[in-house]
Amino acid sequence: MRMKKRIIAAVTAMALGVTSLSGCGSTLFGYKINTAASADPDSVKLPLKEKETITGLTSYPSGTESDPNKRAIFERLEKKTNVHVDWTAISSDQWSDKISLQMVNFSTLSDFIFSAGFSDSDLLKYGEQELILPLEDYIDKYMPNLKKVFDKYPEYRKMCTDTNGHIWALPWIEQLGEGKTAIQTVGNMGFINKKWLDYLGLPVPTTVDEFEQTLLAFKEHEADLKAKFNIDGSIIPMSCIVNDQDPAIIINGFGEGYGDNDSARHIAVTDDKKVICTAEQEGYKKGIQWLHKLYSEGLIDKESFTQEWSTYVAKGKSGRYGVCFTWDVANIDNLEDWVPLPALTADTTNITPQNGSFTSGFDRGRCVVTAMAKNPALVCSWLDQMYDPLQSPQNNWGTYGEKDKFNIFELSTNADGEPMLKHEDLGSESPVEVREAQCVGGPLAVLNEYYNKYVTCPDDAQYRLDWIKDTYTNEMHRNYVYPNVFMSREDTETLSNLQADIQKEINAKKSDWIMNGFTDADWDAYIKKLDAYGMDQYLSLFQKYLDAYYADDTSSGRLLCG
């Protein structure tokens, strides 16, 4: 059992009061604080014989239902569990501003925070202040659904556990594909306008030289393309949002082929398990020089360095792009007229998978249980329902059976005659809008083995999985990605401070150099500046945790995908 002594300092520092503190627990604003998972599991087994109330804090997409208890998912959960949740709900566009204030307002802090989305620094800070509870014992004792996931995929338990052995939050896990076929292996894909290619009699380019000639053809035939396809506005051979909807995938073929797919950290892992900065490699230098050449030829949208997402989409919907970069081209234009741009050969041909992608979609800090929970065992038992194989897909995407509304799912049956959620045909309805109107997010796990047993695969996910498998997987020649490690608080803070300067410098130079070009002297000065910002320490911290991760043989087998 853990002592709750640090809570005094945390509260005193904020001019708040503790009424009593003794033994293995304490009392804060009249609430008894306990960290021991000591309740009898039968006492919190659901459904309860008599209804009880717990309190939760969550977010909701702006413009959708603001009362969680009016959403069908939570209505059904209350009937199923006999647990009522007294919610405090905050619009998602205000969440980041308000959640930190909620965390220091102890007198009104809820039992749990359903959609916390806390960073590693947040989890470790609040854990150290003892504002949130360590959950490892609660998971093993009161959360059989999550424990089953952890037992089958021990890497997820490891990714949730800090260096002191504590699990501070319940995760969000979404498996779609695995290893080098996982949907997260490629972030921003390149897409090329097949309608334009066919009209001009051009093949899909496969080398950087062919790609450049294709863009030039788009530019040179602007009048023809505008007349043929009734385009209002100038033709834009290639558009993107640098450092956001980024074109990094098309420079993977330069040098040794690492590219720069991690625009937040700018790291990759070599085949001998060494962490490198991708933005210091010779291939990156050559790739940026090539992008500058394209820009100087008028082939890259001049607004690519400043445009907002809404502007980027508006121009795409106007049919003005020859090439664009995004997660799904349907966000920019349509599916029919576009095809994925293959890996472009320069010095080599390669696609470097996204870091963390071999273990699929993962959010370590999705949901926390606070020190104010009067009955944390019951809270955890209720939260474990989110990991039920039929519940997780609903929380993630939406639900079924709502009258006079579009539903993401129909409740159907699988090949064995057991209940299965079948994705509905939404017609012209926006999947994002229908999902936001129904889903509740929070902690969940959707595993690969659930598809066609508990739920069908979403159409937009399936075609993206097909794109990756058919276009990119065979060109992924690196064996490792940087895993989702959980660093200590000290190392997390040190890395965050280093990253702030390093990322700012890399991203600023990237934009500047694509527009204006650079010399060897500029490159040398840039490398020296990154060194001055602490690049050696930055990489050594990543290396430290990579080495520790692979020291455990149970992890390496799942992350190596040759």
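The values are calculated or read from the model by the stated rules, or taken from the named source; none is laboratory data. In this text the structure is predicted, and so the values were computed from the model without any measurement. Here the Cβ positions follow ideal geometry from the backbone for every residue, glycine too, while neighbour counts run over all protein chains shown. Quick note on the areas: whole protein, heavy atoms, side chains included, nothing else; ligands and nucleic acids left out. Shrake-Rupley method; radii C 1.70, N 1.55, O 1.52, S 1.80 Å.
What is the percent carbon and sulfur in the accessible area of segment 155-292, measuring with a 1.4 Å probe over the protein chains and ignoring ligands?
45
Quick check: Cα centre of segment 225-297 to Cα centre of segment 439-507, how many Å?
Using only Cα atoms to place each centre, the spacing works out to 19 Å.
Under 8 Å for C-alpha pairs, at least 6 residues apart: give me the relative contact order for segment 410-538, rounded to a whole percent.
20
Along the Cα→Cβ direction, 7 angstrom out, place labels at SER318 and GLU303. What is the inter-label distance in nm?
0.6
When a/c is below 1.5 the answer is rounded, else prolate if a/b is larger than b/c, else oblate, so apply that to segment 483-549 with a ≥ b ≥ c taken from the square roots of the Cα gyration tensor eigenvalues.
Judged from the Cα gyration tensor, segment 483-549 comes out prolate (a/c at least 1.5, a/b above b/c).
Can you say what percent of the DSSP beta bridges in the chain, counting only those with both residues inside, are antiparallel? Round to 5.
Once the DSSP bridges in the chain are tallied, antiparallel ones form about 60 percent.
As an exercise, use a Förster radius of 30 Å and the Cβ-Cβ distance of ASP466 and ASP425 to find the FRET efficiency, rounded to the nearest 0.05.
Efficiency, rounded to the nearest 0.05: 0.95.
Can you list the residues, at least 5 places off or on another chain, whose amide H is less than 5 Å from the amide H of THR161, using H built in the peptide plane?
none
Quick check: net charge around LEU299, other residues with Cβ under 14 Å of its Cβ, Lys/Arg +1 and Asp/Glu -1?
Result for the local shell: -4.
With an 8 Å cut-off on Cα pairs and a minimum separation of 6 or more residues, tell me the relative contact order of the chain in percent.
Once divided by the residue count of the chain, the mean separation gives 21 percent.
In square angstrom, what is the accessible area per residue of the chain with a 1.4 angstrom probe?
Accessible area per residue, the chain: 42 Å².
Relative to the present Cα-Cα distance, how much length would full extension add between GLU222 and ASN414 at 0.36 nm per residue of separation?
Length gained, GLU222 through ASN414: 64.0 nm.
Tell me, what is the 1.4 Å probe accessible area of ILE139, in Å² to the nearest 10?
So the heavy atoms of ILE139 present about 0 Å² to solvent.
Dividing the convex hull volume of the Cα atoms of segment 157-210 by its residue count, what figure in Å³ per residue is obtained?
That works out to 149 Å³ per residue.
Once neighbouring chains are kept in place and the probe is 1.4 Å, which whole percent of the accessible area of segment 84-149 is contributed by carbon and sulfur?
Whole-percent figure for carbon plus sulfur exposure: 44.
At a Förster radius of 25 Å, what calculated FRET efficiency corresponds to the Cβ-Cβ distance of SER100 and ASP501, to the nearest 0.05?
The pair SER100/ASP501 has a calculated efficiency of 0.60.
How big is the C-alpha Rg of segment 202-345 next to the rule-of-thumb value 2.2 N^0.38 Å, as a ratio?
1.08
At 0.36 nm per residue, minus the direct Cα-Cα distance, what do LYS51 and GLN543 gain on full extension? Give it in nm, one decimal, please.
172.1 nm
For segment 415-562, what does the alpha-carbon gyration tensor say about shape, rounded, prolate or oblate, given a ≥ b ≥ c as the root eigenvalues, a/c under 1.5 as rounded, and a/b over b/c as prolate?
prolate
Regarding segment 316-363, what whole-number volume in Å³ per residue does the convex hull of its Cα atoms give?
113
If I fit a long axis through the Cα atoms of helix 489-516 and take the longest principal axis of the Cα atoms of the chain, what angle between them do I get, 0 to 90°, rounded to 10?
Between helix and principal axis, roughly 20 degrees.
What is the extension gain from GLU128 to LYS405, computed as 0.36 nm multiplied by their sequence separation minus the C-alpha to C-alpha distance, in nm to one decimal?
Gain in length upon complete extension: 95.2 nm.
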